[in-house]
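Engineer: One structure, pasted below without further comment.
All of the numbers you see were taken from the coordinates with simple rules; none came from a lab. Worth saying up front: this structure is predicted, and the values here are computed from it rather than measured. Ideal geometry is used to build each Cβ from the backbone, glycine not excepted, and the neighbour counts take in all protein chains shown.
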C-alpha cells in the first residue's frame, strides 16, 4: 500500500514520539525506539512507508551527525597525543580491518562488501564511549586516555572509508586504482581547502553574525556551513557525510563551538531520528527472527575480537596490562560511522539487504552492551588478570570502611559535608579559618581524588549508606550538611541519617522550596533553597545601597523566611520564559486577570469561587489591597494576581470568567 510522502512522514513522527516515550519509561536509548518504528512501518512489516522516499532526509541526518562528531574532533589534542593516536590507533584500525576482511571473505562475501563490513565494524562508538567515560570520570584515567587516543584515529580512518566506499561502489564493481588515488587526493584537497576556510573566512563571518546578536542568522549560518560542505564533497563525487564531518572539524576549534552544538542539535536530532528510522526499515524482521542466533554469535565474536586485538596491541606497546584490557573492553562495540558506511554500501549494492540487517543488528546489540562493559571494566580486568582492585593502577579506588574509620577516629565535634561540589567546597572554605573540624564525602571518585590531593579531609562515600556515616563518626558530629543536588538521593540520605542519628541536626540545601515541607517533615533542622536565598541576598544588597536601615532589611527578610518564601513564589512569564524546569517540573506562574462586568466572579466573594491557585494580590483602581480575604466581594475592573502552576492558573482564569 503506497502513501504520499507527507503521510509517511507524519506516521513516522507520530510513531517516533510514542516509541521514544515508551522506551524512555524503561530507560532504553531513543535509538532503539527509532529502529523499532522503522522496522514496524517498513517494507518487511506493515509496509506503510518506503525507505527510498526518506533517503534525502536520512542522508541529511548523517550529515548533521558527522558535523557534530567533527565539532568534537580536536586537531591540537590529536597532535599532542600523536604517538598514541598514530601509533596505537593506526595499528588497531589496520589490524582489525584486515582480520574482519579475511573473516568476511571466508564467509563468502565479495571483496568490496568485505571492505564495507570491515570498515563499519572496525570503528567504535565515539559518542557512547566518551559519554560513559565522562559520566564515570574515567576519561583522564590510563584506560580512558588510551580509548580516547584510539577514537581520535578512528575518526580520521572514517574519513578514509567515506572516500573509498563510494569509489568501490562505482564502475560496475571494478576497482580502479587510479580512480581510488584520485578520490583520495580530492578528499585531501577538500580537507585542506575547508581547513583554510575554517581558519580564515568562517570565523570572520561568525564574528560579524555574533555582533549582530541575531539568533536566526547564527542558526542559518551553521546550517549553510554544514550543508555547503556536504554539497561540495558530493559534487566532487564523494560522500555527503564526509562534508559534514570536515565542516565540523574546521569549526571545532572556533570560539563558537558550543553555540553551534546547541543550535544544530535540534535539527540533528530530528533528522538523525529519521536516519535511524530508515535503518530500521532495512531490518527484515523475519530474517532476524530466523537468524537470531547468528546475530548473537556475530555480536559476541565482534566484541571479543576487538577487545582482544586492542588489548594485545596496547600491551605490546608497553602499556599497563590492566589499562590495555579495559581500553579493549571500552572499544569492543561497533559505532555510528558503521551505520553511515553500511547505508553507503547498501545504496551502491555492495552489501546484501539480509546481511545488512544482521550487521546493523550486531552493531546495535554491541552498543547496548557497551555502558555495562565500561562500568565493569575494572573488575573484569582484575578478574582476568588475577589482580585485586588494590593493585590496579586506577587512582579512583575507594577506601575500605576500616581504612575510613581509622582515618577519622580522632575527629570529634565536627561538621559532616555530604556532597563536595561548589556549595560544599564554599562551606569548607569558611569552616577552615574558624578551626571548625569537618569531614566531606562525595560519590564522585574523580572529585574525591582531586580534593584529597589538595589536602581536603575528603573521602569517597554515599550519604545514603549507614556504614559510611558510622565510619566517619556521625555519632560524634555536631552538624551534618546535605548539599546533594538530586532530590531523591538527598531525601533518601536524610531519612537514613535521622533513622540512625535522630539527635544530629541536618541542614539541607535545595535548588528551590518545592520540597521544603517534605524535608522538614523528614527531620531537617534547616532547609536552605539556594535560588530563593540568592534572591534575598540580592534584595538585601539593593536595599542597603538605597540606604534602607539594616534593621528594616533584616526584619523583612526574616518575615519572608518565616512565611516559607511565599512572597517569592511565581513570576510573570515573558515570551522566552521557561514554562518547566530542566527536570520537567512546571514553573510557578504569576498571571493577572482583569474582571469585567459580565464575568462570573463579579459580585461574588473570593472564598465562594473555590480557586486552586493563590491570589497573591488584588488591584482595585490605583489601590493594591495585597492578599485579599476570602470575604472580599469582587468588583468589575478588579485585577487579581494569580500564582500557581500554569495548568491551574488557566483553569482558575476560566473559572473567574465563566464559572
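Engineer: Give me the number: length gained by fully extending residue 405 to residue 604, i.e. 0.36 nm times residue separation minus the C-alpha to C-alpha distance, one decimal in nm.
Structural biologist: 64.9 nm
Engineer: Further question: Sorted by mean Cβ packing within 10 Å, highest first, what order do the peptides 457-467, 270-280, 545-555 take?
Structural biologist: Final packing ranking: 270-280, 457-467, 545-555.
Engineer: Hey, rough spin-label estimate for residue 535 and residue 430, points 7 angstrom out along Cα→Cβ, what's it come to in nanometres?
Structural biologist: Once both label points are built, they end up 2.1 nm from each other.
Engineer: Here's another thing I want to ask about it. Given R₀ = 22 Å, FRET efficiency for residue 372-residue 25 by Cβ-Cβ distance, to 0.05?
Structural biologist: Between residue 372 and residue 25 the formula returns 0.65.
Engineer: Related question: Counting DSSP beta bridges with both partners in segment 401-524, what percentage is antiparallel, nearest 5?
Structural biologist: Antiparallel bridges make up about 0 percent of those DSSP assigns within segment 401-524.
Engineer: Treat the count of other C-beta atoms within 10 Å as a stand-in for reagent exposure and order 632, 132 from fewest to most.
Structural biologist: 632, 132
Engineer: Still on this structure: For segment 401-524, what D do you get in µm² per second when you plug the Kirkwood radius from alpha-carbon pairs into Stokes-Einstein at 4 °C and 1.567 mPa s?
Structural biologist: So the translational diffusion coefficient is about 90 µm²/s.
Engineer: Using a simple spin-label model with points 7 Å from Cα along the Cα→Cβ vector, what separation in nm is obtained for residue 475 and residue 444?
Structural biologist: 3.3 nm
Engineer: If we count other beta carbons within 10 Å of each Cβ, what is the order of 487, 414, fewest first?
Structural biologist: 487, 414
Engineer: Can I ask one more? From the mean inverse distance of alpha carbon pairs (Kirkwood) and the Cα radius of gyration, derive Rg over Rh for segment 494-557.
Structural biologist: My calculation puts Rg/Rh at 1.15.
Engineer: If you take the beta carbon distance between residue 220 and residue 185 as r and set R0 to 45 Å, what does 1/(1 + (r/R0)^6) give as a FRET efficiency, to the nearest 0.05?
Structural biologist: My answer for the efficiency is 0.85.
Engineer: Hey, with R₀ at 45 Å, roughly what FRET efficiency would residue 94 and residue 384 work out to, going by the Cβ-Cβ distance, to 0.05?
Structural biologist: 0.95
Engineer: Related question: Compare the peptides 366-374, 488-496, 153-161 by average per-residue count of other Cβ atoms within 10 angstrom and give them in order, highest first.
Structural biologist: Result, highest mean Cβ count within 10 Å first: 153-161, 366-374, 488-496.
Engineer: Going by how many other beta carbons lie within 10 Å of each one, how would you line up 658, 377, fewest first?
Structural biologist: Taking fewest neighbouring Cβ atoms as first place, the list is 658, 377.
Engineer: Moving to a separate point now. If packing is taken as the average count of other Cβ atoms within 10 Å, what order do 88-98, 621-631, 532-542 fall into, highest mean first?
Structural biologist: Highest-to-lowest ranking by the protection proxy: 88-98, 532-542, 621-631.
Engineer: Another one. Stokes-Einstein diffusion coefficient for segment 589-658 at 20 °C in a medium of 1.002 mPa s, Rh from the Kirkwood formula over Cα pairs: what value in µm²/s?
Structural biologist: The Stokes-Einstein estimate is 183 µm²/s.
Engineer: Would you mind computing, in nm to one decimal, how far apart the modelled labels at residue 495 and residue 110 are, each placed 7 Å from Cα along Cα→Cβ?
Structural biologist: Modelled inter-label distance: 6.4 nm.
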